[in-house]
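Visitor: There's a structure below that I have some questions on.
The values are calculated or read from the model by the stated rules, or taken from the named source; none is laboratory data. No experiment lies behind these values; they were computed from the predicted model shown. Backbone-built Cβ (ideal geometry, glycine too); neighbour counts: all protein chains shown.
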Amino acid sequence: MINKTAVEYFLNFSKGEWPLRPNYGLDLKKKLFEEIGNIDDIKNFVKNEIESFFKINVDVEIDKIEKNSIKINITLYDDKFDDGTNNMNIFLNY
């Protein structure tokens, strides 16, 4: 099972650095928001990062973009999160 807190922490750069990749959170923030105009690029980037790091298959949808946040829906395939579900929503604040 995949720990939801780990995925959220991995993506939520406002909480600091992803501990296994120094400065990774800041790099993710820069990458996402330099390309904020292209939703497909953001979805593909988040999908590729989660799949490559956690070695799982996911589907990523951007649900909402607001002034200072993006809501991302993540659906797992072939695995579950630690609460027994296969999906989660995360707000990335910037």
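Visitor: Condition first: at pLDDT below 70 and of a type outside the set (Val, Ile, Thr). Can you find one or more residues in region 36-55 that meet it?
Guide: Initially, region 36-55 is screened for residues at pLDDT below 70, giving 36-37.
After this cut, where a residue has to be of a type outside the set (Val, Ile, Thr) as well, the list is 37.
Yes: one or more hits.
Visitor: Within region 35-89, how many residues are outside any loop (DSSP other than H, G, I, E, B), charged (D, E, K, R) and out of contact with any Phe, Trp or Tyr (no Cβ under 9 Å at 6 or more places or on another chain)?
Guide: 7
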